[in-house]
Each structure stands twice: as C-alpha cells, then as structure tokens.
1. Only residues that are in contact with a Leu (Cβ under 9 Å, 6 or more places away or on another chain) and either closer than 14 Å to Val68 by Cα or buried (at least 16 other Cβ atoms within 10 Å of the Cβ) (or both): list them for region 1-51, please.
2. Cβ contacts < 9 Å: first residue at positive phi, restricted to region 128-150; second residue aliphatic (A, V, I, L, M) and in a helix (DSSP H, G or I), any location; separation 6+ or different chain. Result?
3. Is there a residue in region 21-36 that is farther than 21 Å from Lys108 by Cα and aliphatic (A, V, I, L, M)?
4. Wholly within region 1-116, which helices (runs of 4 or more DSSP H) include no fewer than the required count, namely at least 1 residues that are modelled with pLDDT of 80 or more and within 19 Å of Val145 (Cα to Cα)?
Amino acid sequence: MTTIQINRFQKALYDSHHRRIYSICYRITGNQMDAEEVMHDAFLKIFAHLNDLQEEKAFITWSRNIAVRTAIDKVRRKKIIFEPIDELSIAEEEPDEMPEWTVEGVKKALNELPKGYRIIVSLRLFEEYSFEDIARTLHIKESTVRSQFARGREKLAQKLKVES
C-alpha cells in the first residue's frame, strides 16, 4: 500500500470506530478532555500495531482492549484509589428489577461515581469484562473488584433513583 492508501484506510477506520472508542474512553476517564486525548492515543496505538491483528473480524475486540488499557493507564496516572475489603458479602450479580432509565441519566450518574467505582462498573457492565479480567487489568485483588462493583452498582442505583 502507498502512503495515501494507508492514510485513507486509517481515516476510514477512524471514521467507522471513533464514536465507539470515545464512548469507552469517556466511561472510564469520566471527562470529555481526557476521553478525547485517550481516544487519540488509542488510535495511534491501533494504527501502529495494525499488522499485529490476526483476523479482520477481531478488530472490534482488539481495538476495544487497546482503548480500555489506554484509558486505565491515563486514570492510573491520576492515582485512583480502590478500597480493599477483607471480609465481604456481595450482593447478587444483577438486581431483580431495573427501573426505566434514560441513557443520559445513566451516563450522568455513572460519571458522578468515584473513579474506582466508575471504572469497575464500566468495565463490568458496558465492556462485559469478567471480575477476574478486571482484577488482572487493574492489578488488584478479585475480591476488591467484586466489592467495588457491588458498591458502585449500589451507588449508581441510588443516584438513578433520585433522578427518576
């Protein structure tokens, strides 16, 4: 491929996927400026390593993982604090009843959560990471992830009840 073809290919990839990547970055970083910066950094990594991609079908998962890791790195540099829990009683995985919530209301409530909760809730609910994967990605104990998720989900539900 020529340089012009590569640039057109990269622009087409960016145009097709930037909203999805931005959304991931925003949920993790919690603000527009950081999300835009992280999205651009993630695309630089994606473009630099496109040759590493084995299957074209795997692009979405592969690029999502790059965006998640890049966003977590950005937040980690700002010093997130995860509250470790030794003794833990975890609520069920999913609440029994979910009230009607708007997308904007959920985004706003999610953004108001403390960083540690927001990141774990976002990775679990939106990116569908397992607790084990989140623990490995964030370099914390799985029990901490589970407790932070339970608390974050509870705080999110409380915030959404107030708005309903």
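1. Leu13, Arg27, Ile28, Gly30, Phe43, Ile46
2. Listed by first residue and then by second, the contacts come to nothing, as the list is empty.
3. So in region 21-36, the residues farther than 21 Å from Lys108 by Cα come out as none.
No, because not a single residue in region 21-36 is farther than 21 Å from Lys108 by Cα and aliphatic (A, V, I, L, M).
4. On the way: elements: 3-29, 32-48, 59-77, 103-112.
Hits in region 1-116: 3-29, 59-77, 103-112.
The values are calculated or read from the model by the stated rules, or taken from the named source; none is laboratory data. Keep in mind the model is a prediction, meaning the values are calculated, not measured. Methodologically, a virtual Cβ is constructed for each residue, glycine included, from the backbone with ideal geometry; neighbour enumeration extends over all protein chains shown.
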